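Encoded as C-alpha cells, the structure appears first; notes follow it.
The values are calculated or read from the model by the stated rules, or taken from the named source; none is laboratory data. As the structure is a computational prediction, the values presented were derived from the model and not from experiment. Every residue, glycine among them, receives a Cβ derived from its backbone with ideal geometry; neighbour counts consider all protein chains shown.
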Amino acid sequence: MIIRISSLISLFLILVHSSAFANQTTNASTRYDHKALQQLAHDFVATQVVAPENGRTEVVANNLDPRMVDKVCQQTPEVSFASNSGLDSYTTVEIQCSAEQHWRTYVPVRIYRYKPVITAVVPMSPGHLISESDLTETEVDINRIRSNVFTDQQLLVGARVKKRVRSGQPIQASDTCLVCSGEKVTIVAKNKSLRITAVGKALADGLKGESVTVENIRSNKALEAIVTGLNEVTVQL
C-alpha cells in the first residue's frame, strides 16, 4: 500500500513538472500580428538604406491583411531580403521562424530617397532662357528621376531650354544647355595679357563649367573648351 501511494505521488510530481515545463515553453513564445511583422520589415530595411547626400530616406512597409492569423515563434524570427530583392525603390523582406512552429512570410516594402533639387516654378518652352525667377528648390524622390538633376541653380541661370519643362518638374541635364550641340559658339582663347575670339560650332551640349568639344569653323580643328556663358566657351592659352 505504501509503495502504491509512493508511486502515485511520484506520478503526480512528474505531471506537475511536465505541466510547468509546458507553461514555460508557451510563455517563451512570442506572438506576431500583422502590425508586428510590418514593423520587423520596416526596421530591417531602415537599418540598411543610406540617405542621399543632403537628403533623407523614408521606409514604408506595405499593410498586411489584418485578418491573418498571428504568427507564434519561440525565438526571434530571422529577417532578410527575399531572393532577388535589395535596396531598390521596391523590395521584399522575408521573415521566418526556424523554431518548432516553423513559418515564413513576406512583406513588400517601399523605399523613398528624398533630396532637395532645382525645379521649375513655371512651365518653360524650348528656346526659353532660364532666369533665377524661373527656379526654386523642392524636395523630390530621386528614385523617380532617371537623369542628372541640379542642386545649384546658378548652373542653370542663362541656359536655354531644349524641351518643354512642366511647372514643378525637376530640371534635368538633358533639358537645357548653355552651349547646344550643332549651334555656333564664340571661342575665347586667352591668357593674362591676350584675348582672342573665333567662331566655332559646338559638337556637344554643355552647361557652365563643363568641358565640351567645339570645332573652329575657320580651321576645322576640334578642341576641348570650358563653357563660360551662353554660346561661349573658353580655352586657356
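Being outside the structural domain of K208 (by TED's automatic domain parsing), in contact (Cβ under 8 Å) with a residue 12 or more places away in the chain and in contact with a Ser or Thr (Cβ under 8 Å, 6 or more places away or on another chain): is that true of T105 here? The answer is no for T105. Of a type in the set (A, V, I, L, M) and either closer than 30 Å to D65 by Cβ or part of a helix (DSSP H, G or I) (or both): is that true of I111 in this structure? Against the criterion (of a type in the set (A, V, I, L, M) and either closer than 30 Å to D65 by Cβ or part of a helix (DSSP H, G or I) (or both)), I111 qualifies. When you look at G200, is it more than 40 Å from the chain's Cα centre (by Cα), free of Cβ contacts under 8 Å to residues at least 40 places away in the same chain and buried (at least 16 other Cβ atoms within 10 Å of the Cβ), yes or no? Yes, satisfied.
Would you confirm, using the coordinates I've provided, whether T119 is within 30 Å of F44 (Cα to Cα) and either in a helix (DSSP H, G or I) or under 28 Å from the mean Cα position of the chain (by Cα) (or both)? Considered against the rule, which asks whether it is within 30 Å of F44 (Cα to Cα) and either in a helix (DSSP H, G or I) or under 28 Å from the mean Cα position of the chain (by Cα) (or both), T119 comes out as no. Of all the listed residues (E94, E53, E58, E100), the sole one being part of a strand (DSSP E or B) and either more than 20 Å from N143 (Cα to Cα) or modelled with pLDDT under 95 (or both) is E94.
Contact annotation: residue pairs with Cβ atoms under 6 Å, 6 or more positions apart or on different chains, pairing a residue in the stretch 62-80 that is over 13 Å from A41 (Cα atoms) with a partner that is assigned to a loop (DSSP other than H, G, I, E, B) and of a type in the set (A, V, I, L, M, F, W, C), are C73/A99; Q74/A99; Q75/A99.
Residues in the stretch 132-147 that are of a type in the set (S, T, N, Q) and surrounded by 12 or more Cβ atoms within 10 Å (Cβ to Cβ) were compared, and the one that is nearest to the chain's Cα centre (by Cα) is N143. Restricting attention to the stretch 133-191 and to residues that are among the basic types (K, R) and not in a loop (DSSP other than H, G, I, E, B), the residue that is modelled with the lowest pLDDT turns out to be R144. Yes or no: the stretch 107-122 includes at least one residue that is more than 30 Å from L207 (Cβ to Cβ), at pLDDT 90 or above and in contact with a helix residue (DSSP H, G or I) (Cβ under 6 Å, 6 or more places away or on another chain). Among the residues of the stretch 107-122, at least one is more than 30 Å from L207 (Cβ to Cβ), at pLDDT 90 or above and in contact with a helix residue (DSSP H, G or I) (Cβ under 6 Å, 6 or more places away or on another chain), which makes the answer yes.
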